[in-house]
There are 2 protein chains.
Amino acid sequence: MLRAFALLFALLAGPAFAQTGDLIVEKRTFEMPSYTTVGGQTIKNVKIGWQAAGTLNADRSNAILITHFFSGTSHAFGKYTPGDKAAGYWDSIIGPGKLIDTNQYFVISSDTLVNLNTGVPTVVTTGPASVNPDTGKPYAMSFPVVSIKDFVNVQKALIDSLGIKRLHTVMGASMGALQAYEWAASYPDMVGRIIPVIGQAQPNPYLVGWLSAWGQPITLDPKWNGGDYYGKEPPTEGLKAALKVITLHAQHFDWAEKTFGNAPAEEGKDPGKAFGNRFKIEQALDQAAAGRAAVSDANHLLYLVKANQLAGADISKIKSPALVIYAPTDLIFYAPNIEDEVSKLRANGAAVDVAQLTGPNGHLNGVLAIGQAADKIKALLAK
Amino acid sequence: MLRAFALLFALLAGPAFAQTGDLIVEKRTFEMPSYTTVGGQTIKNVKIGWQAAGTLNADRSNAILITHFFSGTSHAFGKYTPGDKAAGYWDSIIGPGKLIDTNQYFVISSDTLVNLNTGVPTVVTTGPASVNPDTGKPYAMSFPVVSIKDFVNVQKALIDSLGIKRLHTVMGASMGALQAYEWAASYPDMVGRIIPVIGQAQPNPYLVGWLSAWGQPITLDPKWNGGDYYGKEPPTEGLKAALKVITLHAQHFDWAEKTFGNAPAEEGKDPGKAFGNRFKIEQALDQAAAGRAAVSDANHLLYLVKANQLAGADISKIKSPALVIYAPTDLIFYAPNIEDEVSKLRANGAAVDVAQLTGPNGHLNGVLAIGQAADKIKALLAK
């Protein structure tokens, strides 16, 4: 009988919902007239996009915040329209009746400041590509430096606006983990639990160096022009090169071996015969990067690099129970570094459990193989 | 009395030698009127530099060949003049009375084709920066594609010219390991033993992708100009960016943590306060890269990328006893991949021993910490 009601409800919700059974979510915009950064600069008319599913309960204690990764958006779960090809990146674990059950929790996720995907219509963000109200022109590199803590502060304003005094859980992968740690360190009374996935409170200096290497192809592209390319041809080649490095870094040699081997990009075009003849993995990386570059902004990528370099949540302030999920084969956030942080968290007295993810995808196992940690996620949420 | 004679000899050899006790080596040039590449193209007037120490014995059975790494040269041991600040990269293990004892062995090392260091006066190589005798102009990107096997074939011509029928041992680090494997696979009757250090017979496809990422900043630099920059301003910014990625990749997060931490490049210039304020590790990488770029050639780097991508020694043909030395923390040639190759070599019936190097330097432990494998190297050489 309950199932019948559920079905009726689904039908009433619209034919699309009934057809697919997908969770349909709406993208909304949160606005702040002004925001002052950690670095002390004021940004007017700040906007970020967000989406939610489920219902906030009477005491507003069932909200779970999902924070996104470097190249991600708020789109962690659901579809915006039934015709969408892909659901959100963690749709396998978030939704009605799923591990993070939107029948029980109010799950919310927002775009960050300086979000990479300015060309994705559903993304709402504020960054170098945004128009500076004082000049009527895009900020470009005059946009203030922002950090992970700024991302969290703007999210907090959004959470405050919903009347939520305390988040049940903050969970995020990679840059999302940096944000989860920063939430727990900056607003310990507002955070019930954290689930940092494939990330740390502070990047190792080696990653600070790599982040610099990620961004540098952009500034080599003459079309970058010191960041002043809006209304002109953008630095697409530099942006593609940056995204190629990031894509590769987020993967693993097992993936490369299994997916490409040493095959040439084109049959009959031996890479040993001509300089332009390439290997399949090179072609695949270039194609993936070109697809991403078409909807990304180069200056936003540089600002994300900076924001990640600046991440540095103060572990000593973190008391929330935590489930730290990581991939031992991760080549961006290395297991020994994550294990060191777990020791430090435990030394603070925080109750910290850990879960490991396996698979051929290195860092990306944190997105693709998250289901492996289902039991431990369930246990933490129920605590 | 013998000591006294040795001292007298040293004094007769010149005051410099007596002052320092250093092994002084002479850089020589090997020339081939023409060489036909594995890809089937002919290069006229091929030159590579080489150096040797010790004396070839009567039956010419005591020659050890040292093959160099990506950014290396023949300078594995000794000094060219007593005033040289630095000795060769493996001088700690090669020389009179040292682990690889030049009183016992004739140790030889050559520059490869397309050697990176065209601006180092002692380096002799043939590549895109060389003048094409047919046109009187530098080859630039018209230089034929060359592979690790071509490096080995040219070395073989050098070894043949010395009347050496069989090398006692071939030993090399990283790209030098690729060459050692290729020697053993291509010329099994000429190779007594191999000591591949921090490298494989064939790079994993993941490394093929990374090699592409290493080279790409060069082609983004407008001064690269399709490789045609000789006599003009070279693509120094692109070359620096490429060398920065390579430097970082060859290191490790322990090194970054211990050497730099999260210090800013300049005291008082908080990286969070302005986009141009950087971290110390970024500054150090840029400085190191600038130093290397000043003596390197951008096209040669691209040709080295290609040569390494093309490496693929046929393991099934390798029968030589081997000592495989690797660093478990290596982030270029990963331990699991090296261990797989060791299993394959053993499955062929080759007698293979392994040694592991530790230290904070990841891949570079293979150069900096080679002394840790001294006992196993000694044992293999004595076999």
Ranked by GNM mean-square fluctuation in chain B (Cα springs under 10 Å), the top entry among B:217, B:121, B:196 is B:121
Packing-ranked peptide list from B:300-306, A:30-36, A:292-298, A:368-374, highest mean Cβ count within 10 angstrom first, is B:300-306, A:292-298, A:368-374, A:30-36
The rounded separation in angstrom of the Cα centers of segment B:293-336 and segment A:287-363 is 30 Å
Between the modelled labels at residue B:142 and residue A:28 (7 Å from Cα along Cα→Cβ) the distance in nm is 6.7 nm
In whole µm²/s, the translational diffusion coefficient that Stokes-Einstein assigns to chain A, given a Kirkwood hydrodynamic radius over C-alpha pairs, 10 °C and 1.306 mPa s, equals 73 µm²/s
Of the candidates B:133, A:32, B:312, the farthest towards the positive dipole end of the protein assembly as shown (Lys/Arg Cβ +1, Asp/Glu Cβ -1, centred on the Cα centre) is B:312
In debye to the nearest 20, the charge dipole size for chain A, taken about the Cα centre with +1 at each Lys and Arg Cβ and -1 at each Asp and Glu Cβ, equals 580 debye
Projecting the Cα atoms of B:225, B:255, B:303 onto the charge dipole of chain B, where Lys and Arg contribute +1 and Asp and Glu -1 at Cβ, the residue farthest towards the positive end is B:303
If unit charges are put on Cβ atoms (+1 for Lys and Arg, -1 for Asp and Glu) and the dipole of chain A is taken about its Cα centre, the option from A:294, A:351, A:103 lying farthest towards the positive end turns out to be A:103
Shape descriptor, segment B:246-383: equivalent ellipsoid semi-axes (Cα gyration tensor, sqrt 5λ, whole Å, largest first) stand at 37, 19, 13
Ranked from fewest to most other Cβ atoms within 10 Å of their own Cβ, B:338, B:198 fall in the order B:338, B:198
Descending packing, highest mean Cβ count within 10 Å first, for B:142-149, B:107-114, B:126-133 is B:107-114, B:142-149, B:126-133
Each label sits 7 Å from Cα toward the beta-carbon; between residue B:132 and residue B:189 the label points are separated, in nm, by 3.8 nm
Among trypsin sites (Lys or Arg not before Pro) in segment B:165-246, those in a DSSP loop whose Cβ has at most 11 other Cβ atoms within 10 Å are B:232
Across B:217-224, the residue-averaged tally of Cβ atoms belonging to other chains within 10 Å stands at 5
Toy charge model, Lys and Arg Cβ at +1, Asp and Glu Cβ at -1: segment B:208-305 dipole around Cα centroid in debye, rounded to 20, equals 20 debye
With +1 at each Lys and Arg Cβ and -1 at each Asp and Glu Cβ, the charge dipole magnitude of the protein assembly as shown around its Cα centre, to the nearest 20 debye, comes out at 300 debye
Semi-axes in Å, largest first, for segment B:208-305 (Cα gyration tensor, √(5λ)) are 27, 16, 11
Phi-derived 3J(HN,Hα) across segment B:356-363 with the Karplus relation (6.51, -1.76, 1.60, θ = phi - 60°), rounded Hz, x for Gly and Pro, is 10, 10, 10, x, x, 9, x, 3
DSSP beta bridges in the protein assembly as shown: the antiparallel percent, rounded to 5, is 40 percent
Whole-Hz Karplus couplings 3J(HN,Hα) for segment A:189-202, θ = phi - 60° and coefficients 6.51, -1.76, 1.60, Gly and Pro as x, run 7, 9, 10, x, 8, 10, 10, x, 10, 6, x, 10, 6, 9
Trypsin sites (Lys or Arg not before Pro) in segment A:58-103 lying in a DSSP loop, each with at most 14 other Cβ atoms within 10 Å of its Cβ, come to A:85
For residue B:376, the lysines lying under 16 Å Cα to Cα, once residues fewer than eight places off in the same chain are dropped, come out as B:98
Taking the square root of 5λ for each eigenvalue of the C-alpha gyration tensor of segment A:10-144, the equivalent ellipsoid has semi-axes, largest first and in whole angstrom, of 31, 17, 13
Charge tally for neighbours of residue B:212 with beta carbon under 10 Å away, counting Lys, Arg as +1 and Asp, Glu as -1, is +1
Per its Cα gyration tensor (rounded if a/c is under 1.5, else prolate when a/b beats b/c, else oblate), segment A:198-263 is best filed as oblate
On each of the three principal axes the extent of the alpha-carbon atoms of segment A:79-184, given in whole Å and largest first, is 48, 36, 26
Set A:344/B:273; A:240/B:269; A:149/A:317, cut-off 19 Å on Cα-Cα distance; pairs above it are A:344/B:273; A:240/B:269
Any GluC sites (Glu not before Pro) in segment A:208-289 that lie in a DSSP loop and have at most 11 other Cβ atoms within 10 Å would be A:267
Summing -39500 (n - 2.57) over every DSSP H run of at least 4 residues in chain A and dividing by its residue count gives a helix-only mean residue ellipticity at 222 nm, to the nearest 500 deg cm²/dmol, of -10500 deg cm²/dmol
Normalised per residue, the volume inside the convex hull of the alpha-carbon atoms of the protein assembly as shown in Å³ amounts to 190 Å³
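Every read-out reported here was derived from the displayed coordinates using simple, explicitly stated rules and does not represent laboratory data. Being a predicted model, the structure only gives us computed values, none of them experimental. Cβ atoms come from the backbone with ideal geometry, glycine included; neighbour counts cover every protein chain shown.
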